[in-house]
């Protein structure tokens, strides 16, 4: 009995890169608040110094620091109050030796001053006299011009997924419009004679569609705009129609189910027909997720995912999402994983990449990862998992108490 | 010189809980795809067994496992093919001793069968004869009725932030509509005579508004609907107007800036006036973030945040967001932090909770956390940080090489 020949995960990644060649998300301009979570399309270079002038970080008095040297509780420095810095305006006067100027947090440091004495270390016996009871060092309580970001400096690199703090840096530098990669549109097609949509009451032999919804949610989280095509029966003509319609309106198609080699598995043939034989692989040595297809119809890459819910989610996380990130030009950043010890050993098969679900348990000696056993058809095993552990193809398994890296899947 | 008296972070948390008493996000019904990221408002109990019938997990033949006992490559078991299970329909016949029924992945196991032989372990010399070359155990390649989720079982607990895998479990159990907590509406007001909006070119003494945008982004990430009121000058009457308008249209107000004790700090007085003195605290022993205010005007909690960008983000993360989560009834789950060693020692002050920014460095012996030094006015220090380390109030600092827990702030 022949069965599809699996390729390695590495080889699959190489073929996907090839299948996406010449394709990249377009650049679009969005408003600053909209930019959150998008992928930055260009390096952002500051045109200005930030702050654009030296500012006080406290409420107090701008002084020449030298005038406070030696001051203390018993020996206050005596200064003459020469005026007050108005907020949001240029400081018009300069601070002469022996003078102090009132300044609020964020105020512009007047010429001559090089430090600010906090209000609580001053006394004001009358309107024009200031007693300073503590020495300030040059630069103390001041952010100098350009200290945060200097003109010409690259604030953020292209390919970065824009975080709240990045929104802040962009705001500071005057980017009310931000060049980002347009979110890819992904169509998801569910297949299966036995599959019914969620609102339906399945009759005997039927089951509700899970993958349409889990894959949508995962791809939305990954920065895609998802269109749910719905459920297509296990019928070659119907799948052909669904695929030919979908590719007109999207960047990527994901077909759930119908990816194996049975009589009802039409995805490969449909891609071959519409793409004139452009199926790059069928079958990857991963568990769960072996019956995975990748092809291309014109300019639209198509993934065929296994029908088992955990397998579909695994392939979406490990294979589809990285492909989308690459299409978006997303920089490959460090993925922070949690080191944990295995509570038990897990056998694997060399030559195959395994992804196991684990529950993290915090003990006094650190985290422990407890494998969640269960077939890849069981969605409940995903809901009880804290994360995923990868057993790479060069390993035959994991030993009990071996330290592994857990990729967290529970979010905030 | 008097200055506000700080309370501890613990005490602040207690007062915030008190300030939110009687307030909780409403329950609303949303469609399943919309539920992603929302907080579940009720325990979800499955009304049905999942799967609702025993199913095959492979393409093959449903058999009585006993009939295959002893079968192997040289000694195949001989069975009679009695028919085929149609997908999505009830399996009408029962499997008698010595019989096999063709079945595809997901097909309903016919009565009598207790296992499925994979296609690749069978041969079919003619249409009615099946040779089985491997023994199958009872239950092999079958998901039995209720094995994933049994009727009456609680699938997901209220208070959970809904993840893609939860969307899958909800889909499986027929929840096309999901009871969730309505996202709170938060109004953000920026204050400061020196602050101009991002599209403006600041003139001398002015600076662009950062906090309006960072706080918006953080609170959106935390599941809020944010309304940006814009910038209000350091004028008591203007702030009073802004606050009295804002509280009509939101669940929570956040005022950025004007939270210290200077002549331009009107937030406390404005809350007292509109809330008839309901300021619960002013000043918290955290660094950065000391000048933080919490009060309540009618049914609307109001936070006053420091103007320095890093301080504002720190207070938003450590104080405002947990309050919002509690308002949403969000279950306090495990926060997964990355253990790392400090690259250098950091002094702190006992009695004060410090939050320092660190860059994580991966070395052969694990992660190291390198503190990023810089004033709380410098937004760039947030963009280079991988995470935050908390130095709790009972510590005087961190030692070099001490193991700390890093809360990651870089997302995906």
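Miscellaneous remarks
- Matching residues, the stretch A:362-393, being more than 10 Å from chain B (Cβ to nearest Cβ) and either surrounded by 14 or more Cβ atoms within 10 Å (Cβ to Cβ) or more than 30 Å from residue B:404 (Cβ to Cβ) (or both): A:368, A:369, A:370, A:371, A:372, A:373, A:388, A:389, A:390, A:391, A:393
- Residue tally, condition under 26 Å from residue A:5 (Cα atoms), modelled with pLDDT of 95 or more and more than 49 Å from the chain's Cα centre (by Cα), over the stretch B:72-120: 1
- Filter pass, residue A:260 being over 26 Å from the mean Cα position of the chain (by Cα) and in a strand (DSSP E or B): no
- The lone exception for residue A:349 - which of (1) more than 14 Å from every other protein chain (Cβ to nearest Cβ); (2) in contact with a strand residue (DSSP E or B) (Cβ under 7 Å, 6 or more places away or on another chain) it fails: (2)
- Any hit, the stretch A:197-216, residues being over 32 Å from the mean Cα position of the chain (by Cα), in contact (Cβ under 8 Å) with a residue 60 or more places away in the chain and either crowded, with 24+ Cβ neighbours inside 10 Å or part of a helix (DSSP H, G or I) (or both): no
- When the residues of the stretch A:327-340 are filtered to those that are buried (at least 18 other Cβ atoms within 10 Å of the Cβ) and either more than 11 Å from chain B (Cβ to nearest Cβ) or within 13 Å of the chain's Cα centre (by Cα) (or both), the one that is nearest to residue A:258 (Cα to Cα) is A:327.
- Pair list, Cβ under 6 Å, 6 or more apart: the stretch A:243-263 residue away from every other protein chain (no Cβ under 14 Å), other residue crowded, with 16+ Cβ neighbours inside 10 Å and part of a helix (DSSP H, G or I): A:243/A:270; A:243/A:274; A:244/A:274; A:253/A:246; A:255/A:267
- Just one of the numbered conditions (1) more than 7 Å from chain A (Cβ to nearest Cβ); (2) buried (at least 23 other Cβ atoms within 10 Å of the Cβ) is not true of residue B:146: (2).
- Single match in B:359, B:344 (criterion: surrounded by fewer than 18 Cβ atoms within 10 Å (Cβ to Cβ), outside any loop (DSSP other than H, G, I, E, B) and not assigned by TED's automatic domain parsing to the domain that holds residue B:219): B:359
- Restricting the stretch A:394-411 to residues that are in contact with a strand residue (DSSP E or B) (Cβ under 6 Å, 6 or more places away or on another chain) and at the interface with another protein chain (Cβ under 10 Å from one of its Cβ atoms), the residue that is surrounded by the most Cβ atoms within 10 Å (Cβ to Cβ): A:406
- Residues being surrounded by 23 or more Cβ atoms within 10 Å (Cβ to Cβ), assigned to a strand (DSSP E or B) and within 11 Å of chain B (Cβ to nearest Cβ) - total across the stretch A:170-187: 1
- When the stretch A:120-139 is limited to residues that are loosely packed, with under 14 Cβ neighbours inside 10 Å and in contact (Cβ under 8 Å) with a residue 24 or more places away in the chain, the one that is nearest to the other protein chains (Cβ to nearest Cβ) turns out to be A:123.
- The one condition from (1) part of a loop (DSSP other than H, G, I, E, B); (2) more than 14 Å from every other protein chain (Cβ to nearest Cβ); (3) within 19 Å of residue A:141 (Cβ to Cβ) that residue A:52 does not meet is (2).
- The sole residue among B:63, B:117, B:111 that is within 13 Å of chain A (Cβ to nearest Cβ) and buried (at least 18 other Cβ atoms within 10 Å of the Cβ) is B:117.
- Residue within the stretch B:307-315 that is within 19 Å of residue A:338 (Cβ to Cβ) and under 26 Å from the mean Cα position of the chain (by Cα) present: no
The values are calculated or read from the model by the stated rules, or taken from the named source; none is laboratory data. Small disclaimer: the values here were computed from a predicted structure and weren't measured. Using ideal geometry, Cβ is built from the backbone for each residue, glycine included, and neighbour counts are taken over all protein chains shown.
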